[in-house]
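Below is one structure, written out as structure tokens, with a few remarks after it.
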There are 2 protein chains.
Amino acid sequence: MSTSMASSAEAGHHHQPVTNATPPHNLPLVLIHRLPQVDLSYKSWLPATKFLLLDPLDPSFSSSPSAQSLARSARVLVCIGSPPLSANTLDRYPSVECVVGSIAGLDHVDLSECRRRGITVTNAGDAFSADVADYTVALLIDVLRRVSASNRYVRAGTWPVKGEYPLGSKLGGKQIGIIGLGSIGSMIAKRLEAFGCSISYNSRTKKPHVPFPFYENVHDLATNSDALIICCALTNKTHHLINKDVMSALGKEGVIVNVGRGALIDEKELVQFLVRGDIGGAGLDVYENEPIVPRELFGLDNVVLSPHRAVATPEAILALQEGVRANLEAFFANKPLVSPVELE
Amino acid sequence: MSTSMASSAEAGHHHQPVTNATPPHNLPLVLIHRLPQVDLSYKSWLPATKFLLLDPLDPSFSSSPSAQSLARSARVLVCIGSPPLSANTLDRYPSVECVVGSIAGLDHVDLSECRRRGITVTNAGDAFSADVADYTVALLIDVLRRVSASNRYVRAGTWPVKGEYPLGSKLGGKQIGIIGLGSIGSMIAKRLEAFGCSISYNSRTKKPHVPFPFYENVHDLATNSDALIICCALTNKTHHLINKDVMSALGKEGVIVNVGRGALIDEKELVQFLVRGDIGGAGLDVYENEPIVPRELFGLDNVVLSPHRAVATPEAILALQEGVRANLEAFFANKPLVSPVELE
């Protein structure tokens, strides 16, 4: 997401007077937390007229004692992209009460440390959920109906030579197991219902008011599904959630679509299952060692490989930037945050 | 479709006693109409225990005067695949009252000649509509979100070298113009509504009970649409319906998805519009001279090329074969046909 956000807006780069001789104390202080490789284009959508942005990676910052002192009194920190946010970082900014995330995933933030310190956290809310859900549906149909593979067949000039490409498999009537029924998972379910699919799901806890069958463990969900869609958060508990046993339970015709994080699947095992034909196919948007994708997959026609692009569209990025501003404004106005994260 | 149907079932090829010394006159006569290149696998799903199948392309047929005479008294003709069915052919079978089609499109049948003769016609009904609709949605998302193109990017090993692939465009909120709101078009509309799209449509006449805005001409629909989806029948009136003017009206960001027939679009113009970037992209499942696809399209990343595979899945073919049998049984039982076509 980081560079996507960077690319989303003309990088204004109009450097802001962080170390102004007369600091505009009427503006609320906003700490910027980013990785060095993320550029300054956030300045084009976080208005300097509304916030005093304090960016420790800005060269002027470290040379300015007043900026450093302001940073210690800043009550809110905005993550640009997905920089790791650890206890160490938080120690440097003792006044932070609120961390505003700007991407959907929050695996870069030490959430339990935030909870321990009583820091509230917001994420991008629903800004990207629909985009991820749309892309997920496309990946699923693509794998079942072989869209990308048949596209290659046409472009290679094979159609007139070898004749009709094999038909794929029908989407309607399929049992779809969704792992992680949050905002994204719910939107995927809504879409797939319109195609006549049956939905069931796994998540940390059974959701009230959700009509779909709940499976307490992923193995049972896989046993009862034609396709597994993985869109849960990556945590210690979900690392390699999709292992050998789950893939065996899914079976030879089963399809996996992963739009969560690469490490939710034991990728080495997945590659073996796909190469041996022990599962039917996969639509993968994320990988354990991005941007490295296992080369064994490059030759497989039952696999769609996408470079972590389910995440967003330019339209959603504009909505996200609006969401970050809205959370900041709510925070400083002492109003309820727009998209707070529940810290367990 | 023809070879798809052929491939859908094990070709039994157990030759049936068309010229049996004692013809089983208790069985209803069913004329088979097919192209020579379509094989005999229909015999595996049109049961010889229920129908006496008369296939003029079967070598035994022409040598048997009794078969030829039976053919002249047959009241029903089944098209296997899409063989042309003209007045000349119908002249040879004067007793035919009903033509049973086995694919969704009926452009191979001279429908006005059938109407003139009082012959009823059935098509495959809804058996394939959902498959076409599913595939259409995948093509649309694929073009907008660049799924196939980014898949190529990954497989070419470019991701680690050149970095993030450009984000595509959001589906939600798009104005989708559907041309042809029959069974397939309606199913496409239902699906796209679940993605938050706005639907409008063009068809021969405004449909009662349809909530979507109706455009009497395609040009106005294009002007008011972000994407055009073409799923109407090919007739004299719809040949090259999508011409230069319509594409200009659709505009530089506009997307075309064609799952109808190739000749619904002026393909030469379409290629020019795509090459020049005068429309945004296209998802094409059909072409004017299949299986020949214009080579100029092979290098374009904003185009998804599919080899006429929206049409069906093995699951739907089984349903279709069931539909052909059901129409035959209804016909011989003097019951209403299952999927009659309205002949205007």
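Key figures
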quantity: Candidates B:PRO160, B:PRO36, B:PRO314, ranked by Gaussian network fluctuation over chain B, Cα under 10 Å, top entry; calculated: B:PRO160
quantity: Region A:128-305: antiparallel DSSP beta bridges as a percent of all, rounded to 5; calculated: 5 percent
quantity: Radius 10 Å from Cβ of B:ALA71, net charge of other residues (Lys, Arg +1; Asp, Glu -1); calculated: +1
quantity: Percent antiparallel among DSSP beta bridges (both partners in chain B, rounded to 5); calculated: 5 percent
quantity: Fraction of antiparallel bridges per DSSP, the protein assembly as shown only, in percent to nearest 5; calculated: 5 percent
quantity: Between 0 and 90°, nearest 10: helix B:129-145 axis offset from chain B longest Cα axis; calculated: 20 degrees
quantity: Set of lysines near B:LYS252 by C-alpha distance (under 22 Å), chain-local residues within fewer than 8 positions excluded; calculated: B:LYS170, B:LYS174, B:LYS244, B:LYS268
quantity: Peptide B:167-180, shielding by other chains (average Cβ, 10 Å cutoff); calculated: 4
quantity: Shortest-first distances to equivalent copies, position B:ASP245, nm, label 7 Å out along Cβ; calculated: 6.7
quantity: Net dipole in debye of region B:128-305 [+1 Lys, Arg Cβ; -1 Asp, Glu Cβ; about Cα centre; nearest 20]; calculated: 260 debye
quantity: Other-copy label distances relative to B:ALA48, 7 angstrom Cα-Cβ extension, nm; calculated: 8.7
quantity: Signed unit charges on C-beta, dipole axis of region B:160-306, positive-most listed residue B:GLY277, B:ASN217, B:SER186; calculated: B:SER186
quantity: Gap separating the Cα centres of region B:207-249 and region A:163-192, nearest whole Å; calculated: 29 Å
quantity: Check: the protein assembly as shown dipole with +1 on Lys, Arg Cβ and -1 on Asp, Glu Cβ, in debye; calculated: 340 debye
quantity: Distances in nm from A:ASN88 to the matching label points in the other copies, shortest first (labels 7 Å along Cα to Cβ); calculated: 8.4
quantity: Sorted by Cβ density within 10 Å, fewest first, the residues B:SER95, A:SER64; calculated: B:SER95, A:SER64
quantity: Cα long-axis angle, helix B:267-276 against chain B (0 to 90 degrees, to the nearest 10); calculated: 20 degrees
quantity: Radius of gyration, Dmax [the protein assembly as shown; alpha carbons; angstrom]; calculated: 29.6, 111
quantity: Taking the convex hull of Cα positions in region B:79-160, its mean projected area over all directions (nm²); calculated: 7.9 nm²
quantity: Summed residue charge, Cβ within 11 Å of B:PHE51's Cβ, Lys/Arg positive, Asp/Glu negative; calculated: +2
quantity: Within region B:211-300, trypsin sites (Lys or Arg not before Pro) in DSSP loop having at most 11 other beta-carbon neighbours inside 10 Å; calculated: B:LYS237, B:LYS252
quantity: Ranked list, fewest to most other Cβ atoms within 10 Å of each Cβ, for A:LEU300, A:LEU31; calculated: A:LEU300, A:LEU31
quantity: Net charge dipole size for region B:206-253 [Lys, Arg +1 and Asp, Glu -1 on Cβ; Debye, nearest 20]; calculated: 180 debye
quantity: Cα-derived Rg to Rh of chain B, Kirkwood definition; calculated: 1.03
quantity: Selected from A:LEU35, A:LEU181, A:LEU274 as most flexible by GNM, with chain A as the system and alpha-carbon contacts under 10 Å; calculated: A:LEU35
quantity: Bins of 5 Å, starting at 0 and running to the largest distance - Cα pair percent for region A:128-305; calculated: 2, 8, 18, 22, 21, 15, 8, 4, 2, 1, 0, 0
quantity: Residue order, fewest to most beta carbons within 10 Å, for B:TYR42, B:TYR135, A:TYR93; calculated: A:TYR93, B:TYR42, B:TYR135
quantity: Distant-in-sequence amide H partners of B:LEU54 (H built 1.01 Å from N, under 5 Å); calculated: B:VAL30, B:LEU31, B:ILE32
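Since every read-out is calculated from the coordinates, none of them should be taken as a lab result. Note that the coordinates shown come from a computational prediction; the quantities given were computed from them, not determined experimentally. Don't worry about glycine lacking a Cβ; one is built from the backbone with ideal geometry, like all the others, and counts go over all protein chains shown.
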